[in-house]
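Working notes, structure below.
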Amino acid sequence: MKRDGVKRYIALIIALYMIMMLFTSCANLSTNKQAVNNTENSEADDLQELSTTDYSGTYDGSAEGYHDNLNVSVELDERGKILSIVVEDHDETKEFATIAIERIPNIIVESQSLGVDVVAGATKTCDGIIDAVANALINAKLDPAALGYVAKEIDKWKTAEFDESTMPKKVPTTDTIVITDVKGREVSIDVPISTYALSTMDVIDYIIPLIGEDAFHKLVASGNDGGNGILGYDKLYTPVVGTYMTHFGQISEHNAPFDLEMILARDPDVLIVNSAMQAHKYALEIEPQLTEAGIPIVLIDVPGKKLETSAQDALKLLGEVFQVEERAAEVSAFIDEQYALIDSMNLDDKTDKATVYYEKSGTAEVFGSTTTSLSGWGTLIDYAGGENVADPILIDAASGKGSSNTLDPEIVLQVDPEFVFMSGGGWMDNHANATHKEPSYDIVNRTGWNELKAIKDGNLYNLSQAMNRSIYSFFAVIKLASWFYPEEFENINTDDIIDEFFDRFMLTDSSICVWGHKWDGVTKK
Amino acid sequence: MTKTQQLKNKTNRELYNAMIRRRVVLSATLFVALFALVILNIFIGSSDIKLKEIIIAIFLQEGEGHTVMIVNQIRLPMALMSVAVGAGLGMGGCEIQTILRNPIASPYTLGITNAATFGAAMGLIINVNVVNVSEPLMITANSFFFALLASVLVYAFSLRAEAGKNGIILFGVALNFLFNAATMILQYIADDEDLKSMVFWNMGSLLKTTWTKFLIVFSVVLICFIIFYLNSWKLTAMTLDDTKARSLGVDTQRVRQMVILLTSLLTSFSVCFIGAIGFVGIIAPHIARQFVGEDQRFFLPLSAMLGAFVVSASFVVSKIVIPGVILPIGLVTAMIGVPVFLLIIFRKMRTL
């Protein structure tokens, strides 16, 4: 008996839910119809004015539905008015799609608008019909936008599927080189390299400057990075270099052990492993199996112990692996120059150094952690001549290099820093998959923070978390320094530096590198 | 003997036989299902290898590229490891619940997992190599060392005359808190990446499995199973209270010590190689109890099989949720385990 009761209860909930769904969808349809009806006449007039050609006839259009392509034939009169819409045979799921297929064409004809709302539960079918009609109008040389058609901005990016036949051809090796990697391991590699794999996707930024498009064409596997870089790079670079995802396999999630099986299946000539995300440890765990399969591991370290040389060290190693040592030296020389520029200003010797407070993804309610000059963004702030207010308290503490140090906000108020930096929170990244949403800067709503010098002067910035360990981190240092000491940069256009770097070494322009945002001074509650 | 008595005896015998037969059939069915899961685990993986190629790779050791290695050195040991670890945890949970007569006891109640976690954290965060092994083995060795340390502590405590079942549970809780706090101190000074590795380690992963690791876990599981099974009569008696069990001639203190020692070992081995796999140790015995009751001759093997079944099934799920990515096994076991567990609790509440 009791079980029956439960069943009845569940059935009731489902029934209620479905009734609600029906109501909402009907409500959507009717309100929209009204709205569109009001504009009907004026739009028809517009069309009349514009059209001098005769549009009459039946036009076919197609677009993607839920299962397969949806085909429609649209009958137009001479002025381009839609007389009828017929949805041809389709594979859409019956119970969901029928209502859409019956009603949507009628509404479009009645309202002469493509701005109709969709039937709940059959969104894709509805959108498919609307898209198909728009397609038919385009075939009739009419502009569907005039009927309120808005192309869906849904992410239609489809990662290409793996296709064995597109795997890079292995060039016969001619030589064996022995290189010493960052951990002092002697690794022997058969060269030339035809295919390679990466521990984390963002490391490819260090390889693009060396071998250009081949960085993608030779890449057969990689682990993901924190910003879902595999998808991000795919979206950004597939249009630039052509399809490469057909010979790509993901070998780890962010900060996870490697999928040994996938590495073996893609069989790269070398696996390049960065220190980030414990990848060194994970790689060495599977070294015996990889050795047996003849896949050498090369360990690199970016960002390494020393900010001003770690990128160059990595480039040198990678230059040896890919046998492009000269090119590597060229890129390194450029980066050396930039640090030399900063060094030449002797920012460390300044007597009135800019005081800086850094916090990772904080808001008024949530006090994020800070770092000392020894780690993360702290290193860059230090190099740019900033005086980190956390240093006197934390730098000698056991947690000085840690990441969970939350500074007592009293200290910040007392020291009254000239600059406040925040980073992270996932809002900004220096690759194409980033959202680039404006940060909230809720941090200014903390008690007393309005009185801080940094806030009064508007010197509050939000920085991309990934930038401090990218190949462009030299540019972040330059930018920070130029904010701290604008007088030193009077005759230097800092943006030219990053433009030149992208121009000479990267495959895109510098617009992909969005990494810093300044508070506009407006307090939002 | 009167005729009615004879008749009654006969029906009792028949009833008993029918019951036993039902349990044997149940166990056999589960065994077949488990076997099917193992096969499924060997067939599913991140690279597309065809059924034929897999069979050829297993039996003839032949194949293109690295197929043989993938099948024989990665998929096979991982599939078997999920069975061994699941069986170990199921068995451990079954015996711990039996000797402590506590339905929420599990191999983790004794504090061993948290100790292992602390060991791993020492390796991951401050690079301390407790037993001085090579770097790749450091984390496993550390966690094993601390798991063993916790086991010794619990065992030593259980040797004390006044240590009853509640005392042991409380001691385990204390150990849990101690190692938990110690781990948190390490996490406080850890940087971001170490912290994430720590989280990941806690979720458990079968990816690190090798044949050697499997054979170690398997032999421990096998030995413990044999010892438990030989003692199944005593263990069944332990479900009564201590006084009654003692009156049946069972040395409750000794049995309890033995179970604690063996379960600690089982847990230590599975946790240090795979990481913490939650919930299996609790739910497997509960489900088994629903099927066969407390008779250890069936309860023990069925708990082991159900544990293996849950972990294997979770492993299948962990491979197919996101194609090409293997989710941490610990995530999946809990997500599958909790609803099942709740279902059992509700059913039980109704019968009470």
Looking at B:Val38, B:Val32, can you tell me which residue is under 30 Å from B:Phe299 (Cα atoms), at pLDDT 85 or above and within 18 Å of the chain's Cα centre (by Cα)?
B:Val38
Would you pick out the residues in segment A:248-304 that are within 25 Å of B:Asn129 (Cα to Cα) and either charged (D, E, K, R) or at the interface with chain B (Cβ under 7 Å from one of its Cβ atoms) (or both)?
A:Asn255, A:Ala256, A:Pro257, A:Ala276, A:Met277, A:Gln278, A:Lys281, A:Leu284, A:Glu285, A:Glu287, A:Gln289, A:Asp301
Find all pairs meeting these conditions: Cβ atoms under 7 angstrom apart; at least six residues apart or on different chains; first residue within segment A:375-391 and within 14 Å of chain B (Cβ to nearest Cβ); second residue part of a strand (DSSP E or B).
A:Trp377/A:Tyr358; A:Trp377/A:Phe421; A:Trp377/A:Ser423; A:Trp377/A:Leu463; A:Gly378/A:Tyr358; A:Gly378/A:Asn388
Can you name the residue in segment A:220-234 that is more than 10 Å from the chain's Cα centre (by Cα) and among the polar types (S, T, N, Q) and is also modelled with the highest pLDDT among such residues?
A:Ser222
Within segment A:470-495, track down each residue that is surrounded by 16 or more Cβ atoms within 10 Å (Cβ to Cβ) and outside any helix (DSSP H, G or I).
A:Ser470, A:Ile471, A:Tyr472, A:Tyr485
Report those helices (runs of 4 or more DSSP H) wholly inside segment B:263-352 carrying at least 1 residues which are touching a His at 6+ places or on another chain (Cβ under 6 Å).
B:329-351
If you check A:Asp202 against the conditions, is it closer than 23 Å to A:Gly319 by Cα, surrounded by 22 or more Cβ atoms within 10 Å (Cβ to Cβ) and modelled with pLDDT under 90?
yes
Filter result (buried (at least 19 other Cβ atoms within 10 Å of the Cβ) and of a type in the set (A, V, I, L, M, F, W, C)) within segment B:174-188
B:Leu175, B:Phe179, B:Leu186
Conditions first: (1) of a type in the set (Ser, Thr, Tyr); (2) surrounded by 21 or more Cβ atoms within 10 Å (Cβ to Cβ); (3) within 14 Å of chain B (Cβ to nearest Cβ); (4) part of a helix (DSSP H, G or I). A:Tyr233 passes all but one, so which condition is the exception?
(3)
Considering every residue within segment B:61-75, establish whether at least one is assigned to a helix (DSSP H, G or I), within 30 Å of B:Leu300 (Cβ to Cβ) and in contact (Cβ under 8 Å) with a residue 12 or more places away in the chain.
yes
Qualifying residues in segment B:126-140 (those that are in a helix (DSSP H, G or I), free of Cβ contacts under 8 Å to residues at least 40 places away in the same chain and surrounded by fewer than 22 Cβ atoms within 10 Å (Cβ to Cβ)) - the one nearest to the other protein chains (Cβ to nearest Cβ)
B:Pro136
If you check A:Asp313 against the conditions, is it touching a Gly at 6+ places or on another chain (Cβ under 8 Å) and either surrounded by fewer than 18 Cβ atoms within 10 Å (Cβ to Cβ) or more than 13 Å from chain B (Cβ to nearest Cβ) (or both)?
yes
Considering (1) in a helix (DSSP H, G or I); (2) more than 17 Å from A:Ile478 (Cα to Cα); (3) under 25 Å from the mean Cα position of the chain (by Cα), say which one A:Ile381 fails and leave the rest.
(2)
Does B:Phe179 satisfy the condition of being more than 19 Å from the chain's Cα centre (by Cα), within 30 Å of B:Ile326 (Cα to Cα) and among the aromatic types (Phe, Trp, Tyr)?
yes
Over segment A:236-279, the set of residues out of contact with any Phe, Trp or Tyr (no Cβ under 6 Å at 6 or more places or on another chain), of a type in the set (A, V, I, L, M, F, W, C) and surrounded by fewer than 21 Cβ atoms within 10 Å (Cβ to Cβ) is A:Leu236, A:Val240
Just to be sure, is B:Trp201 surrounded by 19 or more Cβ atoms within 10 Å (Cβ to Cβ), within 14 Å of chain A (Cβ to nearest Cβ) and not polar (S, T, N, Q)?
yes
Would you tally the residues in segment B:202-235 being over 15 Å from B:Val85 (Cβ atoms) and in contact (Cβ under 8 Å) with a residue 24 or more places away in the chain?
8
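Residue by residue, here is whether (1) β-branched (Val, Ile, Thr); (2) at pLDDT 80 or above; (3) surrounded by fewer than 20 Cβ atoms within 10 Å (Cβ to Cβ) holds:
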position: A:Val116; (1), (2), (3): yes, no, no
position: A:Thr125; (1), (2), (3): yes, no, no
position: A:Ala136; (1), (2), (3): no, yes, no
position: A:Pro168; (1), (2), (3): no, yes, yes
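The values are calculated or read from the model by the stated rules, or taken from the named source; none is laboratory data. Note that the structure is a prediction, hence the values are computed from the model and not measured. Here the Cβ is made from the backbone with ideal geometry for all residues, glycine too, and neighbour counts use every protein chain on show.
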